[in-house]
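Following: one structure in structure tokens, then a few remarks.
The values are calculated or read from the model by the stated rules, or taken from the named source; none is laboratory data. These figures come from a predicted structure and were not determined experimentally. So basically every Cβ, Gly included, is an ideal-geometry build from the backbone, and we count neighbours across all protein chains shown.
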Ligand SMILES: C[S@@+](CC[C@H](N)C(=O)[O-])C[C@H]1O[C@@H](n2cnc3c(N)ncnc32)[C@H](O)[C@@H]1O
């Protein structure tokens, strides 16, 4: 990521192709981040309700507007709301977006969140153990790492990280924190790395760090990520007009399975992507973070 880029939107062309934005149409971007998808919708003349739970994302979009980088057709073109997409139904109704042509969820964290050491998402940066997407949330990664029982840690690493060395890692964390609290992301990453067998340490295929899965698991719990998504999806279908489209980009298998199950079981939707769409090799080359993205699209009947 270039230092000045908040986030590079993933699968942008594909999302736009399926959502077919245009003048007179309305969309909800449930995860505005740096606004890549939102701005592409606005540029095509659509009205957008853009939501994010992170104040930094809201500030970033405001900055784009204030500096004139983004042009709005009218003051009504963009509604920017700080909120949790678990409340998407209420937010949409409050803002007059209760019958829309499309909704996009681009799940996971933004590059900005990942690259900002103080946010505590990255194991390669010595930041505090935070990981809250919404800085007002009561529980930080620190509380989980330093206070949760060993049994619970093991369960979290297994369930949300699918980490096969979960037991060893949970045990090492509990031993380390008896000496003093674990404060920093890189400290935690080292404890994780030291507790797995030598052969799997730090050099996983595709440059995946040993700590990736455990960090993912903690992040999911801190932000209630799967619960929020489960709450949001049925509400979202209520908001779609007939032929309105739902586009969801997920970045790990737990999210993608939840989305797939939901789309299959929702009788009001017709699935347009039999298999999820992934990035082209040219996109992965310019934006390696896109490599695990999976886009699923469905249409309201
Ligand atoms: C991958 S980024 C989105 C990037 C965006 N599409 C772009 O082009 O810049 C994901 C964003 O979703 C936000 N987010 C995650 N869970 C959320 C939730 N439950 N409610 C609202 N926003 C959420 C994160 O704060 C983050 O900014």
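The table below lists the values:
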quantity	calculated
Filter result (without any contact (Cβ under 8 Å) to a residue 60 or more places away in the chain and either surrounded by fewer than 19 Cβ atoms within 10 Å (Cβ to Cβ) or over 25 Å from residue 258 (Cβ atoms) (or both)) within the stretch 153-164	155, 158, 159, 164
Which listed residue is in a helix (DSSP H, G or I), touching a strand residue (DSSP E or B) at 6+ places or on another chain (Cβ under 7 Å) and in contact (Cβ under 8 Å) with a residue 40 or more places away in the chain, from 237, 214, 221	237
Subset of the stretch 109-118 (residues that are buried (at least 22 other Cβ atoms within 10 Å of the Cβ) and in contact (Cβ under 8 Å) with a residue 60 or more places away in the chain)	109, 110
Any hit, the stretch 129-152, residues being over 30 Å from residue 83 (Cβ atoms) and in contact (Cβ under 8 Å) with a residue 40 or more places away in the chain	no
Residue within the stretch 242-251 that is farther than 24 Å from residue 135 by Cα, in contact with a strand residue (DSSP E or B) (Cβ under 7 Å, 6 or more places away or on another chain) and assigned to a helix (DSSP H, G or I) present	no
Number of the exception - residue 108 against (1) modelled with pLDDT under 95; (2) out of contact with any helix residue (DSSP H, G or I) (no Cβ under 9 Å at 6 or more places or on another chain); (3) within 14 Å of the ligand (Cβ to nearest atom)	(2)
Residue 144, sole failed condition from (1) assigned to a helix (DSSP H, G or I); (2) touching a helix residue (DSSP H, G or I) at 6+ places or on another chain (Cβ under 9 Å); (3) more than 30 Å from residue 262 (Cβ to Cβ)	(3)
Residue satisfying condition, being modelled with pLDDT under 95 and within 22 Å of the chain's Cα centre (by Cα), within set 207, 223, 228, 203	207
Failed item, numbered, when residue 114 is tested on (1) under 25 Å from residue 290 (Cβ atoms); (2) part of a loop (DSSP other than H, G, I, E, B)	(2)
Matching residues in the stretch 165-185 - criterion: being in contact with a strand residue (DSSP E or B) (Cβ under 8 Å, 6 or more places away or on another chain) and either part of a helix (DSSP H, G or I) or crowded, with 20+ Cβ neighbours inside 10 Å (or both)	185
Number of positions in the stretch 119-141 that are more than 16 Å from the ligand (Cβ to nearest atom), surrounded by 15 or more Cβ atoms within 10 Å (Cβ to Cβ) and either at pLDDT below 95 or outside any loop (DSSP other than H, G, I, E, B) (or both)	3
Residue in the stretch 273-289 that is within 15 Å of the ligand (Cβ to nearest atom), touching a helix residue (DSSP H, G or I) at 6+ places or on another chain (Cβ under 7 Å), in contact (Cβ under 8 Å) with a residue 40 or more places away in the chain and more than 20 Å from residue 17 (Cβ to Cβ) present	yes
Residue 81 being under 18 Å from residue 31 (Cβ atoms) and in a strand (DSSP E or B)	yes
Only listed residue being over 21 Å from the mean Cα position of the chain (by Cα), within 15 Å of residue 245 (Cβ to Cβ) and at pLDDT 95 or above, chosen from 46, 40	46
